[in-house]
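Below is one structure; the comments refer to it alone.
Here, each number is a calculation from the coordinates, and none is a lab measurement. Not measured: the values here are computed from a predicted model. Cβ sites come from the backbone with ideal geometry, for glycine too, and all protein chains shown count toward neighbours.
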Amino acid sequence: MKILVVGSGGREHTIVWKLKQSPLADKIYCAPGNAGISELAECVPIGAMEFDKLISFAKENAIDYTVIGMDDPLAGGIVDAFEKEGLKVFGPRQNAAILESSKAFSKDLMKKYNIPTASYEVFDDYEAAKEYLQKQSMPIVLKADGLALGKGVLICKTLEEAEQALKEMMKEHKFGSAGNKIVIEEFLEGPEVSILSFCDGKTIIPMVSAQDHKRAFDNDKGLNTGGMGTFSPSKFYTEEMAKKCMETIFQPTVDAMIKENRKFVGIIYFGLMYTKNGMKVIEYNARFGDPETQVILPRL
Ligand code: AMP
Ligand code: GLY
């Protein structure tokens with residue numbers, strides 16, 4: 001098979017490295033790739049959002065299968081665009097990738113289907129959000145609705161910090177249009193675990209657990225990032241927890257997406273937190289995690 005991987009990070013490097021181990025893989029391309037990836041695959045200078053160019057490349061080079069690594073093209077509908085041209089591609093369609101690309105959508109889905117998560121409210125009006133904040137206990141968590149490179153979540157210890165964060169998101173557009181709508185969420189505490197899983201739309205198969213380091217700077221002094229480092233397995237995630245998560249979180253999420261006519265095919269990433277009230281979903285991603293993939297795929 002000729003395979004095209006779309007993306008340019010450590011995650012895509014790992015995906016290429018793993019695919020290359022398959023006896024089915026003859027030639028692997030990566031768009032746009034990076035210097036490390038070029039040791040394993042032929043890098044093609046096409047950006048991940050240049051759908052037309054990627055489709056032409058796939059057709060001209062008789063690519064059998066394309067694997068999308070990143071969130072932005074998935075949210076932008078790259079899978080729909082490839083399928084429309086009859087090309088085989090791995091990842092969720094746009095209407096399912098919304099599980100990651102809108103936090104308001106994913107929170108509402110969890111509420112509707114009783115999937116455990118932090119309590120929250122959604123706002124698209126600055127004054128209403130400000131008024132709501134004044135009645136909440138601190139710390140509190142503010143999340144931009146849309147994609148923000150993993151940096152759109154702010155944990156605020158005081159009301160002043162929260163009001164400042166709200167202003168930056170909704171008035172100063174720190175995260176662009178991703179912050180036009182925001183989620184204000186209850187602050188939870190506990191160890192976090194990332195579970196990546198394969199999903200064919202109906203059946204879900206989790207991979208081994210991992211944990212990532214979110215905060216910048218030594219001793220967790222900085223803001224959240226998309227992930228500064230990672231290890232696998234998680235120390236606290238037991239078989240028993242895995243079983244419970246399958247019953248209360250993983251399968252219910254897949255079933256909920258079917259009921260919403262948004263069948264999810266691809267990787268569902270569950271960002272979980274083990275709180276004193278049990279496991280809760282902190283976030284969903286619609287793709288392999290970065291950097292978790294770098295420690296999970298070598299163990300697969
Ligand atoms: P997210 O992008 O939603 O995963 O949020 C990024 C990180 O912010 C998470 O991995 C947590 O470390 C933290 N976080 C998000 N939501 C909450 C919450 N409700 N309570 C405490 N920490 C949170
Ligand atoms: N490591 C978190 C993420 O991939 O979003």
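Quick notes on this one:
- Simple Cβ-charge dipole of the stretch 59-193, Lys/Arg +1 and Asp/Glu -1, about Cα centre, in debye nearest 20: 160
- About its Cα centre, the dipole of the chain is roughly 520 debye, where the only charges are +1 on Lys and Arg Cβ and -1 on Asp and Glu Cβ.
- For the chain, taking the reciprocal of the average inverse distance between every pair of different Cα atoms yields a Kirkwood hydrodynamic radius of 20.0 Å.
- Fewest neighbouring Cβ atoms within 10 Å first, the residues Arg287, Arg11, Arg299, Arg215 line up as Arg299, Arg215, Arg11, Arg287.
- Rounded to the nearest Hz, the phi-derived 3J(HN,Hα) couplings of the stretch 140-156 under the Karplus curve 6.51 cos²θ - 1.76 cosθ + 1.60 (θ = phi - 60°) are 9, 10, 10, 10, 5, 5, x, 6, 9, 6, x, 10, x, 10, 10, 9, 10, where x marks glycine and proline.
- Remark on the stretch 1-62: Rg and Dmax equal 10.8, 30 Å (Cα only).
- Where the Cα pairs of the stretch 94-159 fall when distances are cut into 10 Å bins, in %: 18, 49, 31, 3
- GNM on the chain, alpha-carbon springs under 10 angstrom: the most fluctuating residue among Ser209, Ser102, Ser56 is Ser56.
- Angle in degrees between helix 10-20 and the longest Cα principal axis of the chain, rounded to the nearest 10: 40
- Loop-located GluC sites (Glu not before Pro) across the stretch 119-211 with a Cβ neighbour count of 14 or fewer within 10 Å are Glu172, Glu189, with loop assigned by DSSP.
- Expected-Rg normalisation [2.2 N^0.38 Å, Cα atoms] applied to the stretch 213-272: 1.49
- Rounded if a/c under 1.5, otherwise prolate or oblate - the stretch 242-300, Cα gyration tensor axes: oblate
- Helix 159-170 vs. the chain, principal-axis angle (Cα, 0 to 90°, nearest 10): 40
- Percent of Cα-Cα distances greater than 23 Å, calculated over the stretch 11-132: 45
- Cβ-based exposure ranking for Lys259, Lys143, in which fewest neighbours within 10 Å come first: Lys259, Lys143
- In a DSSP loop and with at most 10 other Cβ atoms within 10 Å, the chymotrypsin sites (Phe, Trp or Tyr not before Pro) in the stretch 181-235 are Phe217.
- Compared with the direct C-alpha span, the chain from Asn180 to Val44 gains 45.5 nm at full extension, assuming 0.36 nm per residue.
- Projected label distance in nm at Glu83 and Lys235, using a 7 Å step from Cα toward the beta-carbon: 4.3
- Each 5 Å bin, from zero up to the one with the longest distance, holds this percent of the alpha carbon pairs of the stretch 172-300: 2, 10, 18, 21, 20, 16, 9, 3, 1, 0.
- Cα centroid of the stretch 56-85 to Cα centroid of the stretch 150-193, whole Å: 32
- A simple rule links phi to the HN-Hα coupling: the Karplus curve 6.51 cos²θ - 1.76 cosθ + 1.60 with θ = phi - 60°, which for the stretch 272-282 gives 10, 10, 8, 9, 5, 9, x, 6, 10, 7, 8 Hz, with x for Gly and Pro.
- Residue-span extension gain [Glu161 to Lys243] - 0.36 nm each, minus C-alpha spacing: 25.6 nm
- Angle in degrees between helix 103-112 and the longest Cα principal axis of the chain, rounded to the nearest 10: 70
- Given +1 at the Cβ of Lys and Arg, -1 at the Cβ of Asp and Glu and no other charges, the dipole of the stretch 140-263 around its Cα centre is 340 debye to the nearest 20.
- The relative contact order of the chain, computed from alpha carbon pairs under 8 Å that lie at least 6 residues apart in sequence, is 19 percent.
- Taking other C-beta atoms within 10 Å as the exposure proxy, Leu133, Leu24, Leu159 rank Leu24, Leu159, Leu133 from fewest upward.
- Whether the stretch 37-77 is rounded, prolate or oblate, judged on the alpha carbon gyration tensor where a/c under 1.5 counts as rounded: oblate
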